[in-house]
1. How high is the relative contact order of the range A:28-170, in percent, with contacts defined as C-alpha pairs under 8 Å that are six or more residues apart?
2. Using alpha carbons only, how many degrees (0 to 90, rounded to 10) separate the axis of helix A:151-164 from the longest principal axis of chain A?
3. Would you please give the residues with an amide H less than 5 Å from that of residue A:227, counting only those at least 5 places away or on a separate chain, with H modeled from the backbone geometry?
4. Using θ = phi - 60° and the Karplus form 6.51 cos²θ - 1.76 cosθ + 1.60, what ³J(HN,Hα) does each residue of the range C:65-71 get, whole Hz, x for Gly and Pro?
5. Run lengths n ≥ 4 of DSSP H only: what is the helix-derived mean residue ellipticity at 222 nm for chain C, with -39500 (n - 2.57) per run over all residues, to the nearest 500?
6. Quick check: the distance between the Cα centres of the range B:131-185 and the range B:305-322, to the nearest angstrom?
7. Just tell me which lysines come within less than 24 Å, Cα to Cα, of residue B:171; anything on the same chain fewer than 8 places away is out.
8. Could you work out the Kirkwood radius for the range A:46-98, taking every pair of different alpha carbons, averaging 1/r and inverting it, reported in Å?
Amino acid sequence: MPEPVLRLEGLRKNFGSLVVTDDVTLDVMPGEMHAIIGPNGAGKTTLINQISGLIVPDEGRILFAGADVTALPPEARALRGLSRSFQISSILPGFAVLENVALAVQARDGSSLRFFGRAADEAALNAPAMAALEQAGIADRAHVRAGELSHGEKRALELAIALAMKPTVLLLDEPMAGIGREETELQVELLLRLKGQLTMILVEHDMAAVFALADRISVLIRGRVLITGMPDKVRADPQVVAAYLGEQIE
Amino acid sequence: MTGALLAAEGGVRALRPTRDVVLATLMFLVFALLPLFASLAAKQYLLDIGARMMVFAVAAVALDLLVGYAGLISFGHAAFVGLGAYAVGILSAHGIDDALISLPVAIAVSMLFAWLTGIVCLRTKGAYFIMITLAFGQMVYFIATSLAPYGGDNGLTVAARNTIAGWPLLKSDRAFYYFTLLCLLATYLFCRVLVVSRFGRVLRGTKENATRMATIGFDTRRFQLVAYVIAGGLGGFSGFLLANLTEFVSPAYMSWQQSGELIVMVILGGVGTLDGAIIGSAAYLIAEEWLSGFTENWKVIFGPILVLVVLFARGGLIGLASRLWRRSGHA
Amino acid sequence: MSGTLFLVQVLNGLQLGVLLFLIAAGLTLVFGVMDFINLAHGVQYMLGAYLAVAFYGIVGNFLAALVLALLAALGFGLLLEFLVFRHLYERDHLDQVIATFGIILFLNHAVRVIWGAAPLTLPVPEFFTGTVVLMDGQLYPVWRLVIIASGVVIAAGLYGLVSFTRIGMLVRAGATNARMVSALGVNIERLFMVVFGFGTMLAAFAGIMIAPIISVEPGMGDNILILAFVVIVIGGIGSIRGAFVAALLIGLVDTLGRSFSIDILRLIMGPSPARMVGPAIASMLIYVLMAIVLYIRPAGLFPTRGG
């Protein structure tokens with residue numbers, strides 16, 4: 001029985017008197033695509049923020065590859081192989097697209113306390129960055145100022161940055177948010193290609209994408225995990241249908 | 001194509017590389033030729049003003065590193081200048097006046113102070129950061145005023161300019177002027193190289209989106225602290241030059257008004273350009289010279305000018321020049 | 001170190017604390033609600049003092065001068081808001097710092113041009129001249145007690161206003177999330193003006209009250225401004241309660257520190273080094289305090305913005 005690559009134990013987070021994460025226990029197995037779904041306000045983004053380290057849980061533990069990372073800051077988790085994309089594109093708009101990704105490569109390529117030499121010219125950083133851009137499908141935009149990208153291209157850049165970190169676990173926070181049908185299909189294809197190469201946690205509202213991609217699904221309602229299981233089982237579960245999927249009929 | 005050139009300087013209101021080199025070369029050429037002009041026009045005081053411009057420019061360039069590239073608005077930068085100056089003054093008062101000792105001490109003291117206070121300051125963000133740097137600057141100021149054996153409020157006269165390895169090479173004003181020019185050039189080149197290095201890129205990225213940089217894997221606070229210490233050291237360097245220029249050290253060198261003036265110099269020239277810091281220092285001192293010819297209370301005029309610059313002349317003098325250049329038909 | 005001397009210094013510390021509170025309250029509100037760094041707050045304190053002196057010269061009555069000066073200061077403050085500050089709310093902190101710094105330069109020297117550089121005085125109002133006897137025949141000026149009392153009254157009033165009235169609730173909400181308040185349909189510009197006006201009057205009031213005790217001169221607002229900043233940083237930006245606690249704390253620590261540093265140091269070192277090091281340590285005290293507080297709680301003691 002393989003060990004989970006990511007384990008959440010009894011996570012709890014309150015904002016004032018509002019309980020946002022309510023005793024969440026979850027296992028993510030290596031190589032799987034694990035989707036987390038739930039209605040708006042279920043606490044999905046807060047959960048992702050706790051996993052990546054931007055929010056500190058009030059109670060509970062987070063174990064990554066067996067090690068307790070609950071107290072580690074985001075940069076430490078990133079260096080251990082935990083990478084994430086943001087729901088609202090979080091890129092460096094003033095930098096070129098290539099540099100955005102090259103920085104992600106740089107974080108792993110030895111010391112950044114180097115005061116000499118033009119970083120933008122380093123082939124050792126640019127080559128892997130280019131490769132990540134190709135994977136994400138926006139290699140042709142490499143030298144454009146990132147702030148000038150279209151919304152869909154920015155989502156692709158988000159993904160490229162995340163991939164360039166050579167992660168063990170990739171957190172995808174609503175990658176399909178706000179992009180059209182065609183681009184969604186491209187993203188789904190890309191993620192299908194990545195399946196098996198790394199572990200992915202996908203937070204999404206787009207049910208078609210979720211069911212096309214997920215190996216297992218966890219349903220989050222009001223901060224609690226209602227059920228975790230294979231897509232067909234989750235789909236058919238009456239509690240889930242009642243609480244959530246019922247609203248999602250398209 | 002132009003997009004790529006501009007993008008390479010990520011997130012910063014940078015000039016295109018060739019134009020930047022031209023501007024920098026011009027600036028330093030003007031400074032280099034000033035003494036010649038001064039003696040031809042028989043206006044020796046220009047030498048003093050020029051030297052002052054360059055001394056403050058060293059501090060301003062360091063401050064631009066913090067403000068314009070690292071996004072750290074430090075309102076206590078004068079403290080480093082003052083510490084450097086006092087290092088020279090105090091050592092001199094005890095008979096040690098060789099630059100080979102005074103300079104490293106000046107830089108070391110300011111770097112130490114930057115490190116100790118930086119650890120605390122960088123735990124805060126935004127406005128808290130501004131105010132805590134302001135307060136630490138005040139702290140140093142008050143310590144200086146209470147140093148009775150070193151002049152306290154009135155300051156301390158330095159017996160003579162520092163010697164270099166025993167030789168009084170800086171005694172002549174002209175020699176000191178060129179020495180200062182070299183120091184400014186070195187500082188400028190160092191900062192230019194720094195901002196495009198790996199380290200500089202992390203700083204600029206952090207200014208743009210700190211959360212993103214953290215989730216990529218950078219301990220942003222550590223990099224900011226290093227930047228803060230470097231800027232502090234350069235501030236101390238400026239203080240060393242200041243003490244030698246005026247042969248006097250005073251708590252006024254580290255007052256918060258002085259910190260404010262340094263920020264003004266950076267803004268006036270154009271924040272985030274490095275050249276702007278030098279231009280701004282020159283512009284500020286020129287304004288001071290010119291306006292105080294009208295009235296002793298020249299700041300009554302300068303204050304509103306400052307407000308107008310903030311409201312209407314974004315990007316300072318360089319920004320203004322850029323816009324005029326573009327408007328006159330050049331791309 | 002006698003008990004009465006200690007009591008005197010405690011009272012002095014409270015008086016300084018109360019003064020700092022009056023200045024810091026306006027500063028922290030403007031900051032909390034409008035996210036606006038107003039370095040020019042110190043010159044508004046100075047302006048209050050100068051206006052009081054000017055009006056006193058005309059009407060010869062302290063109370064009248066107080067009222068007139070408050071109104072004039074408010075008027076001037078609102079003028080500044082309309083001409084300059086209003087355009088800076090959306091700008092970044094750097095721009096705000098520079099612009100308000102420019103206003104400090106302008107006012108510090110304008111005051112010099114109008115009234116000259118020599119320090120001016122304002123007499124203590126007739127009714128409150130004289131001293132009161134504390135213990136052991138130690139005398140203490142009545143006016144200082146008046147300052148303390150007025151500060152406490154205003155603090156209570158302000159707290160009540162902010163906690164129990166509708167406008168107070170809007171201010172508190174604005175301090176936590178101004179955009180939300182605006183989105184809920186509140187006329188945010190008017191709210192800003194009210195907050196700003198209030199802050200200006202508090203600062204001017206502080207300047208007027210302190211004028212009889214210290215010399216009114218250009219730049220008198222500068223150092224107290226920095227102290228006010230330390231207060232709001234320690235107290236937590238946007239928090240009246242924080243400003244009050246921090247102001248009293250700073251007032252006491254600074255005053256007691258300055259008075260007794262040499263004595264306390266004499267316990268560990270000889271009298272001569274104590275006399276040398278004492279004043280330096282005393283002036284450092286509040287900054288060390290600030291550093292410690294911010295190290296433990298980077299958002300101050302009573303932070304208002306979400307966690």
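A short reminder: the numbers here are calculations on the coordinates, not readings from a lab. Since the model is a prediction, treat every value here as computed from it, not as a measurement. As a convention, Cβ positions derive from the backbone with ideal geometry for all residues, glycine included, and neighbour counts pool all protein chains shown.
1. On the way: 161 pairs, mean separation 40.1, N = 143.
Once normalised by length, the contact order is 28 percent.
2. Taking the Cα atoms of chain A, the angle to A:151-164 is about 80 degrees.
3. Residues meeting the amide H criterion: A:219.
4. 4, 4, 4, 4, 5, 4, 5
5. -25500 deg cm²/dmol
6. 31
7. In chain and number order, the partners are B:43.
8. Hydrodynamic radius (Kirkwood, Cα pairs) of the range A:46-98 is 12.3 Å.
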